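Structure, as structure tokens:
Each value in this text was obtained by applying a stated rule to the coordinates, not by laboratory testing. All of these numbers come straight from a predicted model, not from anything done at the bench. Virtual Cβ from ideal backbone geometry, glycine too; neighbours counted across all protein chains shown.
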Amino acid sequence: MARYTGPKTKKARAFGEAIYGFDKSYERKKYPPGQHGNSRRRKQKSDYALQLMEKQKAKYTYGVLERQFRNLFEKASRRSGVTGVLLLQFLESRLDNVVFRMGLAPTRRAARQLVSHKHIVLNGVVTNIPSCHVRPGDVVGVRGKSQGLLTVREAVGTKGNAGKYGWMEFSSDKMEGTFLAYPERDQIPENINEQLIVELYSK
């Protein structure tokens, strides 16, 4: 199961944004990594460079590698609707992302681990595939014997995402939630310009 396991702060600095959440190291060094990162003289990026950076930012934000991301884009381009918005909706409906949004894990990496270690059930069935897509009406929750995990209890207690996102419902008592619908673009909080990604793949 391939995934990015490198330094998170370095990637956040490269994109100029804390894509993995609050990071003390990033707050201290809000400039690109490398020996020329803090230099005032930096070249203006080309259109291609901006498009590529936006695609990379989306990939690292959601923890998806190139082939998976390309397949999702092709799937979105075959559907009727705005391709960029459909792409983000597919990313948001990944099981690991839904677990993260519901507040069952503090980060997407932690959510991915919960899923792969068989702590999560989808419609009552244990599912260990993080890339599995959740559909409207599906119920996602913590497996019965896993509800006592300290990491899960801490995440639910501190994050408290019940009612935070309009496209899902969550019950902290039952430790389960319902994926109500695919989110609209203005509901997705990630700072991603999906149009640049569409332009990149349309070349």
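Just want the ordering: Ile188, Ile197, Ile129, Ile120, from fewest to most Cβ atoms lying within 10 Å of their own Cβ. Walk me through the numbers on the way to the answer.
Details: Ile188 18, Ile197 25, Ile129 14, Ile120 29.
In increasing order of surrounding Cβ atoms, one gets Ile129, Ile188, Ile197, Ile120.
Pairs Lys30/Lys164; Lys59/Lys145; Lys29/Lys55; Lys75/Lys174: which exceed 31 Å Cα-Cα? Numbers along the way, then the final one.
Details: Lys30/Lys164 28 Å; Lys59/Lys145 33 Å; Lys29/Lys55 23 Å; Lys75/Lys174 34 Å.
Listed pairs above 31 Å: Lys59/Lys145; Lys75/Lys174.
Going by C-beta contacts inside 10 Å, put Glu66, Glu169 in order with the fewest on the left. Each step should come with its number before you reach the end.
Numbers: Glu66 11, Glu169 15.
Fewest-to-most Cβ neighbours within 10 Å comes out as Glu66, Glu169.
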Give me the extension gain from Glu184 to Tyr201: residue separation times 0.36 nm, minus the current Cα-Cα distance, reported in nm with one decimal. 3.9 nm
Please list, in order, the residues from the range 170-202 whose amide nitrogen is less than 17 Å from a point placed 7 Å along the Cα→Cβ vector of Arg70. 197-202
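Over the chain, what is the relative contact order in whole percent, taking alpha-carbon pairs under 8 Å and six or more residues apart? Kindly include the intermediate steps, with their values, before the conclusion.
Values: 263 pairs, mean separation 39.4, N = 203.
Here the relative contact order equals 19 percent.
If you rank Arg153, Arg185, Arg78, Arg13 by fewest surrounding Cβ atoms within 10 Å, what's the result? Provide the component values of the computation, followed by the final result.
Working: Arg153 15, Arg185 12, Arg78 9, Arg13 21.
Ordered from fewest to most neighbouring Cβ atoms within 10 Å, Arg153, Arg185, Arg78, Arg13 come out as Arg78, Arg185, Arg153, Arg13.
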Positive end of the charge dipole of the chain (Lys, Arg +1 and Asp, Glu -1 on Cβ, about the Cα centre): tell me which of Val85, Val121, Gln51 has its Cα farthest that way. Gln51
How much length is gained on full extension from Leu149 to Asn123, taking 0.36 nm per residue of separation minus their Cα-Cα distance? 7.3 nm
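How high is the relative contact order of the range 94-181? Use alpha-carbon pairs under 8 Å, at least six apart in sequence, and give a whole percent. Could you put the intermediate results ahead of the total?
Working: 154 pairs, mean separation 27.4, N = 88.
Normalised by residue count, the contact order of the range 94-181 is 31 percent.
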If I compute percent of Cα pairs over 29 Å apart from the structure I just sent, which labelled value in (i) 19; (ii) 28; (iii) 40 lines up? (ii)
